[in-house]
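Notes follow once the structure below has been shown.
Bear in mind that the values in this text are calculations on the coordinates, not laboratory data. These figures come from a predicted structure and were not determined experimentally. Glycine gets a Cβ as well: all are built from the backbone with ideal geometry, and neighbour counts include every protein chain shown.
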Amino acid sequence: MHPSNTSSLLDLVIVVSILLLFLAIYLYVSSKNKRNYTQTETPLSTSAQMKTYVDKTNITPSAYNEISVKYPLSTLPTTEKTLPYTTNKPFEETPNITVDDFYNFKGARLLLVEDNKINQKIFQSVLQKSGILITIANNGQEALNYLYTPDREFDLVLMDISMPEMDGYTCTEKIRANHHFDKLPIITLTAFAMGKEIERMYALGANGYITKPLHIGQLYTVFTTYLGHIQRPVSTLSALKMKGLDIEAGIAMYEGDEELYKQMLREFIVLYGSLIKQMPKWIEEKDYDKVKLNIVKIGSKLHSLGAYELEEAVARMKKFFIYGTEHRIEEFKDVFPEKLNRLIIAMRLYLQGEIL
């Protein structure tokens, strides 16, 4: 073969070899990039990976097909709620509880959803001295209206089940449908300690239940569970109410005339302030005629002034005379002056030092 032809053939072989080398490099790089793309952009590309995802998220395979794979597992949206402490066991009764113990929850804001007027009165009677701010809704719709009132917040809801217009089931469901109320505890009020009523309330988002008629030891346990962390100052009116004087109720008795109400308070202090010292003296001397005469007189004034605490004590003293058990009036030798003194202090505080 001619030398020039040999040289040309050698050059051709070298060129082909170089081309094949570049082709091999291209195919290798292309294959590697394809594997990386599959691993990063398709995390559920295998049946095993898909099963793991479904198990973790409780999303069915059919629902999975509708989810774009552009979301990594950690950023997929979730609808899980964080609700308050929930128990399906009855709350235990805290022993030796009196109405005075509820002062520990002063400043808490309670929404009582209850249509029965007697039950409303019972709750008010138990909590009137506590400093707890109680709002009463007669049905579920009223409760929702209060909850959606701007700048109005509640710490606990006590929810009856059977009510007109909107029952406790519907109201609870609507409350839980709004994420703003996720951390609001809802405690069911029921006459039944078990059964479908309770189960349905739990399914709708209730956190516990207490039975009717009311046991204050059980109510105290509920408050300890859900309100024990609250430390909130109370208003002047609430503070006076804890001393036995319901200012708002008293003013309402005088058709909203606050000046007339204040005048009645001044007259009361002048007329009955001396009984703080006289009443225990008459009781000790067994001068029952004077005791009876003066409790009748003072008793006629207390309700219109909103002096509920002393009114209750005087009502009990009157019963001793009605049933001929005057000797038992001795029980009020210290109680009466203590309650009357506390009432007069509250009146003077309200009158802002007008009577010293």
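Quick rundown of the values:
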quantity: Extension gain (nm, one decimal) between T211 and E248, 0.36 nm per residue minus Cα-Cα; calculated: 10.2 nm
quantity: Placed amide H near A137: partners under 5 Å, 5+ positions off or other chain; calculated: L112, V113, E114
quantity: Zone of T86's modelled label, taken as backbone nitrogen in segment 118-162 under 17 Å from a point 7 Å along Cα→Cβ; calculated: 157-159
quantity: Where labels lie 7 Å past Cα in the beta-carbon direction, separation of V335 and S162 in nm; calculated: 3.6 nm
quantity: Around T94: net Lys/Arg minus Asp/Glu count, Cβ-Cβ under 14 Å; calculated: -4
quantity: Computed lengthening from T325 to L260, 0.36 nm per intervening residue step minus Cα-Cα distance; calculated: 19.6 nm
quantity: Summed residue charge, Cβ within 9 Å of A346's Cβ, Lys/Arg positive, Asp/Glu negative; calculated: +4
quantity: Three-way shape label, segment 125-209, alpha-carbon gyration tensor, a/c 1.5; calculated: oblate
quantity: Calculated FRET value between L237 and N96, using beta carbons and R₀ = 41 Å, to 0.05; calculated: 0.90
quantity: Charge sum, other residues only, whose C-beta stays under 9 Å from T190's C-beta, Lys/Arg counted +1 and Asp/Glu -1; calculated: -1
quantity: Paramagnetic label zone (point 7 Å from Cα along Cα-to-C-beta, A315; backbone N under 15 Å) in segment 109-144; calculated: 118-129
quantity: Cα→Cβ-extended label distance, 7 Å offset, between Y146 and Q352, nm; calculated: 3.0 nm
quantity: Set of segment 132-150 residues, backbone N closer than 17 Å to the point 7 Å along the Cα-Cβ line of K117; calculated: 136-139
quantity: Burial ranking of peptide ranges 88-100, 262-274 (average Cβ count within 10 Å, highest at the top); calculated: 262-274, 88-100
quantity: Check: segment 263-356 dipole with +1 on Lys, Arg Cβ and -1 on Asp, Glu Cβ, in debye; calculated: 140 debye
